[in-house]
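The values are calculated or read from the model by the stated rules, or taken from the named source; none is laboratory data. Given the structure is predicted, the values throughout are model-derived calculations rather than measurements. All Cβ positions, glycine included, derive from the backbone under ideal geometry; neighbour counts span all protein chains shown. Only protein heavy atoms, including side chains, enter the accessible area calculation; ligands, DNA and RNA are left aside. Shrake-Rupley method; radii C 1.70, N 1.55, O 1.52, S 1.80 Å.
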Amino acid sequence: MKRLLSFLLVVWVVPALVLAQSPTDGITYQMPPDNVMSIVDAPPLPGVNLSPDRNYMMLMHRRSLPTIEDLSQPELRLAGIRMNPNTNGSSGAVGMLGLTLKNLETDEEIDITGIPEGARIGGLSWSPDSRHFAFTNTTNSGIELWLGSVETGSASRLSNVLVNDAFYGSAMTWGRSSENLYVRTIPEDRGAVPVANPVPTGPIVQQNLGRQAPARTYQDMLQNTHDEELFDYYFTSQMVSIDISNGAVTQIGEPALYRGFSPSPNGDFYLVTTVHRPYSYYVPGTRFPTVTQIWNSDADVVHTVAEIPLQDEIPIGFGSTSEGPRSITWRNDAPATVVWVEAQDGGNPRTEVEYRDKVFMLDYPFTASPTTLAKLESRYAGIAWGHDDLALVTERWFSSRNEKVWHITPGDPDNEQRLVRDRNYEDIFNNPGSPQFTVNEYGYSVLLTADDNYTLFLTGNGSSPDGNFPFLDKFNALTGETERLWQSQSPYLESVVTLLDNTGNEFITTRQSENRPGNFYHINLSDDSRNALTTFEHPSPELIDVHREIINYEREDGIPLTGTLFLPPGYDAQTDGQLPLVIWAYPREFRSADAAGQQSFSPYTFNNISYWGPQWLVTQGYAVLDNATMPIVGEGDKEPNDTFVEQLIMNAEAAIDAVVDLGVADRNRVAIGGHSYGAFMTANLLAHSDLFRAGIARSGAYNRSLTPFGFQREERTIWDDSDLYIRMSPFFHAHTLTTPILIIHGAEDNNSGTFPIQSERLYQAIQGLGGTARLVMLPNESHGYRARESVMHMLWETLTWLDTYVKHADVTETASN
């Protein structure tokens, strides 16, 4: 621990070392070359939303990137939520430009009329009967509710309410009859915004009297009583029911902080969750106290399901959870039955018990004792409802990567639950797939079954050593028998989107190929027919000749690795010589070498040259190895991170050797890059090896003492193993980080763990120790970068850095110089 504390002092000493140097001032947003700008500005493909009856497809036309002005609107940061006080919606919301309705029977397309110029469309939701669709339109003064008609192909504003869309969950829900919408609205009489007292009335005090209240690093927490007042003001809503035929508004209950509002399948009750004080300055609003109740149609409380206190004592660990009822929902296939889960181990994965979770059920009239529906040896991971005799409950345990699926009979809970699946969920080659769903008479999602009520339809990626070949299977939940109905065939990557019947003969797929983006098709196995539903074209046809191939190689210990190699159009190794190489990666942890060697890829994915990853660099004369696999393996009693750095180096050496052996890359001109945990990887590789000429580290975390209660998939705290935290932190090895590194970070990053100070402190350490580094903080950007100006500048910085330190490097020097 003394060693740890001595290292921590560096955090505060380093800033003093850099005062003698000035930052680079006065730089404005820069632009990359024209052919890179054209990649950024390529028109985005529309989003797709299918109607519940699968007769219509809504094409949602996307905007190009927002501007930095769009991202510079007012913003409040309250308990982990960033919101725009002018709109009472999420900050930085951009929305869709317009809507086009496509009739899948006739192929007719109609542009929805009535939508105002400059609309910012969001939250499109179909009515259960597929005759109408609702959406929001964000204006400068609030969020409007709009209603569209399939019959008329037009839309108009529905009532004059303003939607409160900043808090948790969906702000609108359709009623079962498709005749009304339940909407979370801004109370008409909420009054003026609370004003902060500029004169403090006392200190801000927090205290802990012996409780254990560990928490991961969170951003944007409440800071003072004024923040609490703002939290109440902006997130308090009035629930209403709006008649879509005339816009009549009926209030439901009183204004409150509604975190959840769900009508029962039969429409007679509401399941309502509200947030209450006391608040916390330490954990986000998702952990604030809640009360979950069942209301009748008059908003009278029929039953209180749970009263959950402030959740600031949840143990650290991926098997940890809260005490008391959680995952409280309606049973989708019953008129009015509420279901929830309760931990039997106090939510602590270190506590040894026979069953960790139990699933409970309570039927109308909610006066009897709850019925135990399932007992789980590990942690509840979801339930798929079918009917009285069929539901599937999934449990998972992180440390073993084990997953079990149980067949239960909700109509007769006394029946013994039956094991359907017991597998390692990291084993992607043997993943049997996930069930398909349909909408029942209540408008709720349930398992799609054949006429026998037990045959399910499973879809999956079909991962294999040869790549992904998605499939559609029939699976009998009683016998376990499986029949393959359909599978994607080369040279395409095609996967099932939804089934159109309960035989598995008709379904909609999305199919892509190397030079064609994903398009939708109607497949009929009965007559072996295929009908194209969309005809999306390549957004950047000038890049259609970029060479791409999946390469397979092994690292020193025999674990198979893969990567996607991109080469410039027309490149010939014999005449053009070896290229500078950029490797882009993201480490992932595995509990077995076998699982680490299983890679999910397809040689038939659309060759989309993205500006976000590194692929665009092929237009600038670079070879690119994208998604170079970086497995970190820990088997038996060993944890993956015990040898994190050593395994990173093994992975990187194997990747470089693989591309150099192909004769296309210059071993002396290789760069490494990554985003988030990939940036953490980049800094570690530069600090602990001499394999690279330069690095690009975006939005990373480099000092693990700033994430003391765990990070990524690491469950140990810094007090459990301080040497591990030091060993894995590039900050503590800044004196060996002599390879040029470009550090880019969103100045307003709110991702847990990747505080902007992480990049600032790493840069200051490198600068103070005489290394070569450049720090670029992008204003008004979070963990990912959204503004066009920010993206263009990021690309310019990246290219300038790589050209300087990699492409035009003096190859007579060693990489670390």
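Results, tabulated for the structure shown:
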{"quantity": "Sequence of Val40, Val193 from largest to smallest accessible area, 1.4 Å probe", "calculated": "Val193, Val40"}
{"quantity": "Nearest-0.05 FRET efficiency for Thr800 and Thr575, computed from C-beta distance (R0 30 Å)", "calculated": "0.60"}
{"quantity": "Within the accessible area of segment 92-244 (1.4 Å probe), percent carbon and sulfur", "calculated": "48"}
{"quantity": "q = 0.17 Å⁻¹: log10 I(q)/I(0) that the Debye formula gives for segment 295-361, counting C-alpha atoms only", "calculated": "-0.71"}
{"quantity": "Angle in degrees between helix 2-17 and the longest Cα principal axis of the chain, rounded to the nearest 10", "calculated": "80"}
{"quantity": "Gap separating the Cα centres of segment 156-229 and segment 718-755, nearest whole Å", "calculated": "33"}
{"quantity": "Considering only segment 658-755, percent of DSSP beta bridges that pair antiparallel, nearest 5", "calculated": "10"}
{"quantity": "Two-decimal Rg to Rh for segment 184-274 - Kirkwood Rh, Cα set", "calculated": "1.11"}
{"quantity": "Ratio of the Cα radius of gyration of segment 564-648 to 2.2 N^0.38 Å, where N counts its residues", "calculated": "1.36"}
{"quantity": "Whole-angstrom Cα spans of segment 63-122 along principal axes, big to small", "calculated": "48, 23, 20"}
{"quantity": "Distance (nanometres) between label positions extended 7 Å along Cα→Cβ at Ala532 and Asp657", "calculated": "4.6"}
{"quantity": "Karplus (6.51, -1.76, 1.60) ³J(HN,Hα), θ = phi - 60°, over segment 648-663, in Hz, Gly and Pro reported as x", "calculated": "4, 5, 4, 4, 5, 4, 5, 5, 4, 4, 4, 6, 4, 5, 6, x"}
{"quantity": "Sulfur and carbon atoms: percent of accessible area, segment 405-470 [1.4 Å]", "calculated": "43"}
{"quantity": "Hz values of 3J(HN,Hα) by residue in segment 307-322 - Karplus curve (6.51, -1.76, 1.60), Gly and Pro given as x", "calculated": "10, 9, x, 3, 9, 10, 10, 5, x, 6, x, 6, x, 7, 7, 8"}
{"quantity": "Cα gyration tensor category, rounded, prolate or oblate, for segment 484-574 with a/c compared to 1.5", "calculated": "oblate"}
{"quantity": "Cα gyration tensor, segment 23-136 - rounded (a/c under 1.5), prolate or oblate", "calculated": "oblate"}
{"quantity": "For Thr562, net neighbour charge (Lys/Arg +1, Asp/Glu -1) across residues whose Cβ lies under 12 Å away", "calculated": "-3"}
{"quantity": "Ile110-Ala747 pseudo-label distance in nm [points 7 Å out on the Cα-to-Cβ vector]", "calculated": "4.8"}
{"quantity": "Other-chain or far-sequence residues with amide H under 5 Å of Arg63's (modelled H)", "calculated": "Leu97"}
{"quantity": "Mean projected area (nm²) of the alpha-carbon convex hull when segment 415-466 is viewed from all directions", "calculated": "5.6"}
{"quantity": "Antiparallel content of DSSP bridges confined to the chain, in %, to 5", "calculated": "85"}
{"quantity": "Using alpha-carbon coordinates, inclination of helix 225-235 to the longest axis of the chain, degrees", "calculated": "60"}
{"quantity": "Tail weight of P(r) past 15 Å, computed on alpha-carbon pairs of segment 611-706, percent", "calculated": "64"}
{"quantity": "With DNA, RNA and ligands ignored, accessible area of Thr185 (1.4 Å probe; Å², nearest 10)", "calculated": "10"}
{"quantity": "Over 29 Å between alpha carbons, listed pairs Lys638/Lys807; Lys474/Lys638; Lys404/Lys638", "calculated": "Lys638/Lys807; Lys474/Lys638"}
{"quantity": "Segment 527-668 - convex hull of alpha carbons, volume per residue in Å³", "calculated": "163"}
{"quantity": "Evaluated at q = 0.14, 0.19, 0.21, 0.22 Å⁻¹: base-10 log I(q)/I(0), Debye formula over Cα of segment 656-760", "calculated": "-0.57, -0.92, -1.05, -1.12"}
{"quantity": "Surface per residue (accessible, 1.4 Å probe) for the chain, Å²", "calculated": "43"}
{"quantity": "Theoretical FRET efficiency, 1/(1+(r/R0)^6), r = Cβ-Cβ of Val199 and Asn140, R0 30 Å, to 0.05", "calculated": "0.35"}
{"quantity": "For segment 71-84, Karplus couplings with θ = phi - 60° (6.51, -1.76, 1.60), whole Hz, Gly/Pro x", "calculated": "7, 9, 6, x, 8, 10, 10, 10, 6, x, 10, 10, 9, 8"}
{"quantity": "Cα gyration tensor, the chain - rounded (a/c under 1.5), prolate or oblate", "calculated": "rounded"}
{"quantity": "Per-selection Kirkwood Rh - segment 703-744 (Cα, Å, 1 d.p.)", "calculated": "11.2"}
{"quantity": "Angle between the chain longest axis and helix 677-688 axis [Cα atoms, degrees, rounded to 10]", "calculated": "20"}
{"quantity": "For segment 130-187: relative contact order, % (alpha-carbon pairs under 8 angstrom, 6 or more apart)", "calculated": "24"}
{"quantity": "Three principal axis lengths of segment 275-419 [C-alpha, angstrom, descending]", "calculated": "48, 46, 21"}
{"quantity": "Order of exposure, largest accessible area first, which applies to Trp612, Trp385 with probe 1.4 Å", "calculated": "Trp612, Trp385"}
{"quantity": "Distant-in-sequence amide H partners of Leu485 (H built 1.01 Å from N, under 5 Å)", "calculated": "Leu472, Asp473, Lys474"}
{"quantity": "Order of exposure, largest accessible area first, which applies to Phe269, Phe680 with probe 1.4 Å", "calculated": "Phe269, Phe680"}
{"quantity": "Proximal charge balance of Pro517 [Cβ under 12 Å; K/R count +1, D/E count -1]", "calculated": "0"}
{"quantity": "5 angstrom amide H check on Ser592, placed H, neighbours 5+ away", "calculated": "Gly634"}
{"quantity": "Stokes-Einstein D in µm²/s, Kirkwood radius over Cα pairs - segment 272-329 at 37 °C with 0.692 mPa s viscosity", "calculated": "260"}
